[in-house]
Each structure stands twice: as C-alpha cells, then as structure tokens.
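The values are calculated or read from the model by the stated rules, or taken from the named source; none is laboratory data. Just so we're clear, the structure is a prediction, and the values are computed from it rather than from any experiment. Note that we place each Cβ from the backbone using ideal geometry, even for glycine, and neighbour counts take in every protein chain shown.
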C-alpha cells in the first residue's frame, strides 16, 4: 500500500516539507486548495524531491476551465519528470457561485466533460490531433503552434494521471469512467466505501469498457494517533471538529444516513448556521469518531487500516506526527507499505 502525506501551502516551507516526507518514506504528497493556491507548492516540492509522487487533493475544478488545468498539469508533469497527479473536486454550489463567481450546473456531467476536454487538449499537444472538442459545457476548437507546448516536454513521462474526489454516486461514477484514480473524501466510512463508492466506481469503469485493474483508490484519511496523550487528545479533538464540519453539509448526508445518523446532519447544519463550531464537535461521540477515523497508538494504525481497507484501496493519505519520533513512525510506514 502506498502511503501519502500532506504539504502545506506556505511557499517558504513547501520544498523542505516535501523533502522531509520523502526522507521519512512517504510514497506521495498532496496539497489542498483552502486559503492558498494548491499548485504553487508542488512546483517547489518537485524541485526538492526525486521520486515521490505529487498531487492536488483537491484543486477546485469548477473554479477553472479545461485549458488552464491542461496547461498547469502539463507544466507540473514536465517539471516533476512524470510525478504529478491532477486531483480534482467539484466543491459545492455556494462556493462556486459566490466565492469564485463561476457557473454551476449539472456537476457530474460537467465534470465528466471537463476531464474529457482536458484529455482532448493534451492529445492535441502530445500527438498533434486537431483540437475539435465540442460539448454541452465546454468548447475547445482553436490551437495554434504559438500556444502549443513542445511535445518533448513529456518525453518518456506521458500526460499526468487525473484523479477525482467525490461522495455522491453520480460523481463517483464519473471518476470510474474517465479518471485514473479516485480520492475518497475524508467523510467516508468503510461501510460507505464498500456499499456505495466501489459499486459506483465499478459502474463507471464498466461504462467505459474497463476493469478496476490499475485504477487507484486513495483511502479515507482520518487517523487519530500520536506519540503521547497530549498529541492523541489534540488529534481527536481536531478530527471531531472536521467530521462535524463535513457532516453539516447536506450533500454528505447519505454517509450519515447509511449508518442511521441522518438526524445528526440536521443538528450539525443548524449549529453551523449559528457559527457554533465547538458545539458541533461535541456532537461527534466516540462511536462516530471510531467509525470515521482509525484511532490508536502508531503501532495500531497499520493493522487497523489494513483490516478496514487493505483489500480495496491502493494508497492511503493522512497526516501523522512522524517528526516527533521518526524511527517509531518509520516502522509504521514500513508496515503500511508492506500491507
């Protein structure tokens, strides 16, 4: 199993962070689009590493268009020498329309078309195929030599992999149909992964005439661990808050409903509108915490992750206190990678 870590968006530290992760034994590193751009840190990470894969988990797709994403993906793939993964997600409607001032409609079909458009653009640049993409949401029919990257940029590497994040079945099917991998949302349980996510991915792969072979699933990332009681308590408190935040989102209600906790979503949503973030976290009891997160000392993490997900995922991504006790954590990483 591949084990990935996270890179922050502080450009002064991104390169050093990436080097530390690679030295610690991580297989890959991801950035997230929160308060800063997710792509810039990966340029620095590529400069300071040699083998570790680098990707976005996630970049907000609908805040951009296929051409800009194709350019960014091409350049990061070239600079990293084939180690970049373009990880996309849709975000929710209020953010797209009110924060990014972009259009929102039919998110799953739009995402499918966006990814197909990116691939069509890359095909033009890599193979000289005339650009003639016409869809319901995106049209790309103009490409001149002046705006065409040198195909030698990717010699020996090929275009980047595209991964997609999702929770709902329609978006998950799209990932199976047109992507190379799937980023499980942190708000995913083992039950939801097995009963909803994987069947939806399989339907998408079948629609595309493909099997699940070679398709990578990045597993859920909630891990509560630490090398002392203080670290454990802080990790648990932060994870309860994050679970509560995601649980307040109506789009993620099906996960809670699958476990019989649909009423919790109503409570969390009401409190979120009142800005009662601490009270929201207090609603996440130990049963819910242990359902969403793997909780235990570092040595307990690998066996439990393998028990839950070892037969269905190819890689796991989470933050862990590897710097506090490097040798102890290296043993955990080795155990996970051997799973």
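Just to be sure I understand, how many residues within the stretch 63-89 are surrounded by fewer than 21 Cβ atoms within 10 Å (Cβ to Cβ) and assigned to a loop (DSSP other than H, G, I, E, B)?
Qualifying residue count, the stretch 63-89: 4.
Has the stretch 16-29 got at least one residue that is over 25 Å from residue 153 (Cβ atoms), without any contact (Cβ under 8 Å) to a residue 60 or more places away in the chain, touching a strand residue (DSSP E or B) at 6+ places or on another chain (Cβ under 9 Å) and part of a loop (DSSP other than H, G, I, E, B)?
Within the stretch 16-29, not a single residue is over 25 Å from residue 153 (Cβ atoms), without any contact (Cβ under 8 Å) to a residue 60 or more places away in the chain, touching a strand residue (DSSP E or B) at 6+ places or on another chain (Cβ under 9 Å) and part of a loop (DSSP other than H, G, I, E, B).
Just to be sure I understand, how many residues within the stretch 197-252 are touching a strand residue (DSSP E or B) at 6+ places or on another chain (Cβ under 8 Å), in a loop (DSSP other than H, G, I, E, B) and surrounded by fewer than 20 Cβ atoms within 10 Å (Cβ to Cβ)?
Count: 1.
Give the number of residues within the stretch 267-277 that are assigned to a helix (DSSP H, G or I), more than 26 Å from the chain's Cα centre (by Cα) and modelled with pLDDT under 95.
Residues meeting the conditions: 1.
Test each condition in (1) at pLDDT 95 or above; (2) in a helix (DSSP H, G or I) for residue 11 and report the one that comes out false.
(2)
Here's a check for you: in the stretch 45-62, which residue that is surrounded by fewer than 20 Cβ atoms within 10 Å (Cβ to Cβ) and within 17 Å of residue 4 (Cα to Cα) is nearest to the chain's Cα centre (by Cα)?
Among those residues, the one meeting the criterion is 53.
So for the stretch 146-160 (the condition being touching a residue at least 12 places away in the same chain (Cβ under 8 Å), closer than 21 Å to residue 86 by Cβ, buried (at least 19 other Cβ atoms within 10 Å of the Cβ) and touching a strand residue (DSSP E or B) at 6+ places or on another chain (Cβ under 6 Å)), does at least one residue qualify?
Looking for residues that are touching a residue at least 12 places away in the same chain (Cβ under 8 Å), closer than 21 Å to residue 86 by Cβ, buried (at least 19 other Cβ atoms within 10 Å of the Cβ) and touching a strand residue (DSSP E or B) at 6+ places or on another chain (Cβ under 6 Å), one finds at least one in the stretch 146-160, hence yes.
For the stretch 123-139, which positions are surrounded by 15 or more Cβ atoms within 10 Å (Cβ to Cβ) and either in contact with a helix residue (DSSP H, G or I) (Cβ under 6 Å, 6 or more places away or on another chain) or at pLDDT below 95 (or both)?
126, 131, 133, 135, 137, 138
Please state which of the following conditions residue 331 fails to meet, knowing it meets all the rest: (1) in contact (Cβ under 8 Å) with a residue 40 or more places away in the chain; (2) assigned by TED's automatic domain parsing to the domain that holds residue 26; (3) assigned to a helix (DSSP H, G or I).
All conditions are met except number (1).
Within the stretch 253-266, how many residues turn out to be part of a helix (DSSP H, G or I), more than 24 Å from the chain's Cα centre (by Cα) and surrounded by fewer than 16 Cβ atoms within 10 Å (Cβ to Cβ)?
Qualifying residue count, the stretch 253-266: 3.
Going by the structure shown, is residue 305 free of Cβ contacts under 8 Å to residues at least 24 places away in the same chain and crowded, with 21+ Cβ neighbours inside 10 Å?
Considered against the rule, which asks whether it is free of Cβ contacts under 8 Å to residues at least 24 places away in the same chain and crowded, with 21+ Cβ neighbours inside 10 Å, residue 305 comes out as no.
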